[in-house]
Each structure stands twice: as structure tokens, then as C-alpha cells.
1. What's the exposure ranking of GLU122, GLU7, GLU115, going from fewest to most Cβ atoms within 10 Å?
2. Report the label-to-label distance for ARG116 and LEU72 in nanometres (one decimal), using points 7 Å from each Cα along the Cα→Cβ vector.
3. When TRP123, TRP112 are ordered from fewest to most other Cβ atoms inside 10 Å of their Cβ, what list results?
4. Each label point is 7 Å from the Cα along the Cα-to-Cβ direction; what then is the distance between the points at LEU101 and ILE45, in nm?
Amino acid sequence: MLRDVSEVLHLAFRFRLRELSKHQLVRVGAIGALGALVQFSFFEIFGIQTNIFSPRIAAVLGGELGVITVFLIHHFFTFRNVRDRAVHGALKFIYFNITALVSLVMQYALVWIGERVSGGNEWVLRAFNLLGILIGFIFNYVNYTRVIWKTREGNREL
């Protein structure tokens, strides 16, 4: 009986996950979380733990790695149905990177402020970096759906 209940719950969870994955905002959020994990891991390893880079530089370099990761997944998964034949993939990556550059500048500034106000306290730097990632996600989502992968009809699945 416990096995049957477990199986039913498992199937219900898989069905619900499949339904949620159809919504663009959920896909963008999940992939954005992966990009944030790449970015924050780079920041933590190279900016906090090993001090190879200053925290603000590690935030930007990690951010760029996150941007590349997110672009590739969005291009081939999230927005795979939005193909604008007039815009080549490389050009779309340039647009995507320019959009992300604004977000990275904001993150750089926030971590720089964190460095100044905290005297290098690791937890404050992490908090400022996370704040920058959150602000960047909101800014980037709006630009992804309105500029980068905009449909001609302007309709959007949210």
C-alpha cells in the first residue's frame, strides 16, 4: 500500500512538473537559477575563497560564465519556438550579452559598494552579490522576453 501511495505521488509530481515546465517564466527562472549557481560558484571560489580576483571582478567574470550558460540553454530550450530568421544566432548572442552587460555593471557596482561598506566581510559581499543577481534576473527577464526572443505578434506565454 505504501508503495502504491508513493507511486501515485511520484506520478502526480512528474505530471505537475511537466505542466509547470510549459510555462516560460518557470523555465526562465529555473535556467536563471542555474546561471546564478554558475555565477555565484565562480564568485565564491575565485573572489572569496582563493582571492584570485577581487570580489567585484569575480562577480563579473562569474556573471559572464552564467550569461553564456543561460544563453545556450535559453536559445536551444526555453525559446526554441521563437526563431527569428532575420536575426542570426551569433547576433542574438551579442544582443543577449549587451543586455546582460547592464546587469553585470549593476552587480559590479553593488559588490563594489559591499566592499566599501563592509571592509571585506565575506557575508556582506555574498549578500550584495546575491542582491545583484536578483536585480539582474528581473532586468534580464524583461529584456529576454521583450527584445531578445520577442515574437512578431508580441504575445507571450507567461
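1. On the way: GLU122 13, GLU7 10, GLU115 17.
Listed from fewest to most nearby Cβ atoms, that is GLU7, GLU122, GLU115.
2. 3.7 nm
3. On the way: TRP123 10, TRP112 16.
Placing the least packed residue first, the sequence is TRP123, TRP112.
4. Simple spin-label model gives 2.7 nm for this pair.
Bear in mind these aren't lab numbers, they're just calculated from the coordinates by the rules spelled out. If you're wondering where the values come from, they're calculated on a predicted model, not measured in any experiment. Virtual Cβ from ideal backbone geometry, glycine too; neighbours counted across all protein chains shown.
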